[in-house]
Amino acid sequence: MINTKRQLAAIDLGSNSFHMVVARLENNQPLTIDKIKEMVRLAAGLDDRNFISEEKMEEALACLSRFGQRIKDLPPQNVSAVGTMTLRKARNSYSFLARAEKALGFPINIVAGQEEARLVYQGVAHNMVQTETNRLVIDIGGGSTEFIIGKAYNPIMMESLNMGCVNFTNQWFETGEITEERIQNAILEARRKLEWISDEYLKEGWQECIGSSGTIKNISKILSENFQTNGIIDYANLKKLSELFIKTGHISHLDLPGLSMNRAPVIIGGLCVLMGAFEELQIESMQASEGALREGLLNDMIETAQGHDIRLDTVTNLELRYRLDTAQSGRICNTALQMYDQLKLGEENTLRLVLIWASKLHEIGLSISHNNYPRHSGYIIEQSDMPGFSREMQNTLGLMVRLQRGKLNMKLIDESPRCDKNIIVVIILLRLAINLERSRDWDTSRHVKIKLKENTFKIVFPKGYLDSHPLTKADLTQEKQEVERAGYKLKFN
């Protein structure tokens, strides 16, 4: 939980720029006291095999080192740092993150596209006057663009599409030449990517359209200074802007009032994405917002500190959607947590939360088939849209439910990147809890005493308990062999 007397920091490792916002709490609301932005253009460092170049990584690490200097005295729970599209795409993202976390001094999580969209919407919504009408929020990043329809603080539809100012500029304007044909081809490609969601979005509808991100804010400023639009973005003026760009002829020659020189190298790609969105979604006008993903991160930290964890809402929604036996999962959760707490592994440890979520969702694969349902459970969790969860946390949760019973496949753990070194202990506790609650009719948690000493789990039951529960005894005897695969021993009276 965050320390409410200290500052908060949110860091966004975007495909185009890295942002950091530092805030303090005033009446349970974040008050920004510092902002730092650097145009790293991480997406431009991807080669044709989707590896980030060493040169670009060094540039990114230098930036993160500067960020780290600003926030080095903050407690870890007061800092939230995430990577987006380029780090989702890069094949060497995990090796980069190991170095990036060292440079920053804090953990960095990669968020899925849907989670990025949710955070963007929260950042925008908490920077606006709330109404009871639908709003469409569009955030054009360097590698992806998020489209969200929501009402008040609640997103209704969310999509993240693989198109952004950096990758569109690289794809359609690689030589720097700006022509009518190139712009039209880029707009058509944006419309093609939007085509599969446009009908659904138009059917839901919205009463106002809000643009987030530096690209849209800079376009809004260019329009205001060149066409006196007072911050309003509409298609007619976007078309005029594209004609000015064509007249200029080359990216290196762009020099318009309001155009940020840092953004000039990729603004044409962002303009084409925005024009494609206006055409395909039939947008009449748009206003730019100061809120963005990092403000969404700040809001999430504050809400979690106040007792509202979006991740718990996600788990509850999955329980309802898949009609899980919550009575059984509750028994398993109680037993697993009682053992966890007896081992004193840490109240604030994220693994305690993961153990709770795994206990609640371990049978989700039964919706597909009883045969090998742990594997199905892992697949559903890993592939589902799970608001509030980073990609690493989702993968860890999927790993736990895959290994809930049967062979304890250590290869899966060894191959899981950035896995907490204590994950195997928590997996063993989940497996033990499932075995102890196999009867599905009563809670055995009050009967279990457990210790872990020198890699040996020792479980103590009341006298005569195992004699009256022969199936439990047989399950634990079989589990001994699996625990040994992980380098531990299991003993019980």
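Only the coordinates and a few stated rules stand behind these numbers; no lab work does. On a predicted model such as this, the values are computed, not experimentally measured, just so you know. A quick note on method: Cβ atoms are made from the backbone with ideal geometry, for glycine too, and the neighbour counts reach across all protein chains shown.
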- request: Be a star and scan segment 465-483 for residues whose amide nitrogen sits under 15 Å from the point 7 Å along the Cα-to-Cβ vector of His447.
  value: 465-477
- prompt: Suppose every K and R has +1 on its Cβ and every D and E has -1 on its Cβ; what is the size of the dipole of the chain about the Cα centre, in Debye to the nearest 20?
  reply: 2280
statement: Helix 235-248: inclination vs the chain longest Cα principal axis, degrees, rounded to 10, gives 70
For a label point 7 Å along the Cα-to-beta-carbon line of Asp420, residues of segment 1-36 with backbone N under 20 Å: 1-3
task: Give me the aspartates and glutamates in straight-line cross-link reach of Lys407: C-alpha distance below 18 Å, same-chain residues under 8 apart excluded.
output: Glu363, Glu415, Asp475, Glu479, Glu482, Glu484
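Do the alpha carbons of any pairs in Lys203/Lys240; Lys72/Lys221; Lys421/Lys489; Lys102/Lys451 sit beyond 23 Å of each other, and which pairs?
Lys203/Lys240; Lys72/Lys221; Lys102/Lys451
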statement: If one compares the long axis through the Cα atoms of helix 310-321 with the longest principal axis of the Cα atoms of the chain, the angle in degrees, nearest 10, works out at 70
message: Suppose a student asked you for the relative contact order of the chain, using Cα pairs under 8 Å spaced at least 6 residues apart; what percent would you report?
response: 13
- request: Identify, among Thr145, Asn226, Gly211, the residue whose Cα sits farthest towards the positive end of the charge dipole of segment 128-289, taking +1 on the Cβ of Lys and Arg and -1 on the Cβ of Asp and Glu, with the dipole about the Cα centre.
  value: Asn226
- request: Order these peptides, 100-109, 45-54, by their mean beta-carbon neighbour count within 10 angstrom, highest first.
  value: 100-109, 45-54
field: For the chain, calculated [θ]222 nm from helices alone, where every DSSP H run of n ≥ 4 adds -39500 (n - 2.57)
entry: -15000 deg cm²/dmol
Highest average packing first - 23-33, 425-435, Cβ atoms within 10 Å: 425-435, 23-33
field: Protection proxy ranking of 183-191, 452-460 - average other beta-carbon atoms within 10 Å, highest first
entry: 183-191, 452-460
- prompt: Hey, what angle do you get for helix 350-361 against the long axis of the chain, alpha-carbon based, 0 to 90 degrees rounded to 10?
  reply: 80
task: Compute the FRET efficiency between Arg440 and Ala152 as 1/(1 + (r/R0)^6), taking r as their Cβ-Cβ distance and R0 = 30 Å, and round to the nearest 0.05.
output: 0.15
